[in-house]
Amino acid sequence: MSPFMEQLYSLISAFMGTDGLSRLFYMLFPLFLIFELPLMVLVMLGVLRWFTRRRTRVPKTSVYCPRVSCIITCYSEGMDVQTTLLSLCEQTYPGHIEMIPVVDGATVNQPTLSAVRGFIVDPQLYPRRHLRPIAKWQRGGRVSSLNAGLSLASGEIVMALDGDTSFDNNMVSSIVRHFEDPSVPAVAGSLRVRNVWASWVTAMQALEYLLSIHMSKIGLSEWNLVNNVSGAFGAFRRSFLVKIGGWNTHTAEDLDLTLRIKSYFKRHDLRIPFEPEAIGHTDAPKTLRDFLMQRLRWDGDLFFLYIRKHNRNIDPKLLGWRTFVMILLTGFFFQLVLPFLIFSYTLTALFVLPGKTLLFLFVLVYLLYLLITAVLFFAMLVMVSDRPRKDAVLGLLVPVFPLFMLILRCWSAVAMLNEIFRRGHEESSMAPWWVLKRATRF
């Protein structure tokens, strides 16, 4: 008998008492998987539905080409902002594209301001591309830049973009077609990590972006359950955005705006699609410290928005029952409760279980998550990826990915504790301290 089977046999023999195998099951099986697995099945069914529909759909042409305004928030990007502007000039979209780079804190941000001013749009080479730069001399934060750009935007469609993000040349065409449906107030774009192999940290983030963000949003979009429109890359119907007051102060303005839009879902029968062919490329944090500090802000913001700011808007009368249940599941349970469950479960196992049992438990849970990751990765390559050869190399990281996600889940619990006791969202680098301090406290 193999050592693994001997260990399993000894555990079963030890727990064959009044509770029998049930006691063994409850000790070894992480119960949070009961909630995680149905969501994964929902995502996979959505991806399969999207894949089937895409392969059988009949291509159609459209004459819908509204003017598009791209608000590009700039702070310390330097010459990188010219890459962003050039990628917008080179779009295949036949309509007009208005580029509005907003340089925040231009007084002290001279390199970025010089890069914007030095970018010339050749009307012969790039017709119907218009540059409308804004120098915002005093720094007010990203929300301030977005609203400044919105006040001067003339396009029917408004895009919120980061100054260090470049785009595939079919991005605008892919994303705009959704707005032909009047029930669409916003569309979520897809992000890929540009500096994939800069370090092991960026490589793990590249795999996370593909599996946890790109593929997940494809599946959820099929059921109109997209959880967030990324702040680095999102598109909005300008008339709707103006009516709800634009972006709101505080941090995590992307999720804040998404939740505010969703509060109109029930009354106006709205939907937020995700467009996987509209792809932006961004640089991820290279060091473990920078990555953890980024997630400290991101995950802490989730607690602030769900519990403190939008707790009264999480109502089926506003959201509709389907969106309401999904926010409870993905917003409250998966993002707020589950990290604490995983963190406490891990600590309890480390301090309570004997060594051999702990090892057996670790191997069992690891193999289960490895199987889930492998299935998701294979499905991503076969049905989702538009760059399968490039993405296939990330398969080398699949064996390590469950461990990476365990660390990330435990760090989420730390981030929320930081928000609970220290109001971490007020320490965000996305806006100066005096802007956040003067904002309404929740």
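The values are calculated or read from the model by the stated rules, or taken from the named source; none is laboratory data. The model shown is predicted, which means the values in this text are computed figures rather than measured ones. Cβ placement follows ideal geometry from the backbone for every residue including glycine, while neighbour counts extend to all protein chains displayed.
The number of residues in the stretch 252-287 being over 17 Å from ILE314 (Cβ atoms), outside any helix (DSSP H, G or I) and not acidic (Asp, Glu) comes to 13. Of everything listed in (1) touching a strand residue (DSSP E or B) at 6+ places or on another chain (Cβ under 9 Å); (2) in a loop (DSSP other than H, G, I, E, B), the single unmet condition for HIS214 is (2).
A single member of GLN138, GLN91 is surrounded by fewer than 18 Cβ atoms within 10 Å (Cβ to Cβ) and either in contact with a Ser or Thr (Cβ under 9 Å, 6 or more places away or on another chain) or modelled with pLDDT under 90 (or both), and it is GLN138.
The residues of the stretch 85-106 that are out of contact with any Leu (no Cβ under 9 Å at 6 or more places or on another chain) and assigned to a helix (DSSP H, G or I), listed by number, are LEU86, SER87. Take the conditions in a helix (DSSP H, G or I) and surrounded by 22 or more Cβ atoms within 10 Å (Cβ to Cβ) and apply them to VAL81. Does it pass? Taking the combined requirement at face value, the residue satisfies it. Has the stretch 265-280 got any residue that is among the small types (Gly, Ala, Ser) and under 30 Å from ARG49 (Cα atoms)? Among the residues of the stretch 265-280, at least one is among the small types (Gly, Ala, Ser) and under 30 Å from ARG49 (Cα atoms), which makes the answer yes. The sole residue among LEU161, LEU131 that is touching a helix residue (DSSP H, G or I) at 6+ places or on another chain (Cβ under 9 Å) and under 24 Å from GLU277 (Cα atoms) is LEU161.
Return yes when LEU305 is in a helix (DSSP H, G or I), within 21 Å of LYS217 (Cβ to Cβ) and among the aliphatic types (A, V, I, L, M) and no when it is not. Yes: the conditions hold for LEU305.
Of the residues making up the stretch 54-77, those that are under 24 Å from the mean Cα position of the chain (by Cα) and either in contact (Cβ under 8 Å) with a residue 12 or more places away in the chain or under 18 Å from PHE119 (Cβ atoms) (or both) are VAL68, SER69, CYS70, ILE71, ILE72, THR73, CYS74, TYR75, SER76, GLU77. Picking from residues in the stretch 245-264 that are of a type in the set (Ser, Thr, Tyr) and modelled with pLDDT under 90, the one that is surrounded by the fewest Cβ atoms within 10 Å (Cβ to Cβ) is THR249. For ARG139, the requirement of being among the charged types (D, E, K, R), closer than 17 Å to SER69 by Cα and more than 21 Å from the chain's Cα centre (by Cα) is not met.
Yes/no per residue for (1) part of a loop (DSSP other than H, G, I, E, B); (2) touching a residue at least 40 places away in the same chain (Cβ under 8 Å); (3) out of contact with any Pro (no Cβ under 7 Å at 6 or more places or on another chain):
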residue: VAL108; (1), (2), (3): yes, no, yes
residue: ALA115; (1), (2), (3): no, no, yes
residue: ILE120; (1), (2), (3): yes, no, yes
residue: PRO123; (1), (2), (3): yes, no, yes
residue: SER144; (1), (2), (3): no, yes, yes
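Search the stretch 354-394 for residues being in contact (Cβ under 8 Å) with a residue 24 or more places away in the chain and outside any helix (DSSP H, G or I), and hand back the single one that is surrounded by the fewest Cβ atoms within 10 Å (Cβ to Cβ). The residue in question is ASP386.
On inspection, HIS178 fails the criterion of being surrounded by fewer than 23 Cβ atoms within 10 Å (Cβ to Cβ), without any contact (Cβ under 8 Å) to a residue 40 or more places away in the chain and over 18 Å from GLY231 (Cα atoms). For the condition under 22 Å from the mean Cα position of the chain (by Cα), more than 14 Å from GLU156 (Cβ to Cβ), surrounded by 17 or more Cβ atoms within 10 Å (Cβ to Cβ) and modelled with pLDDT of 95 or more, ILE100 does not qualify. Evaluating ARG409 against the criteria (1) assigned to a helix (DSSP H, G or I); (2) touching a residue at least 24 places away in the same chain (Cβ under 8 Å); (3) farther than 22 Å from GLY331 by Cβ leaves one unmet condition, (3).
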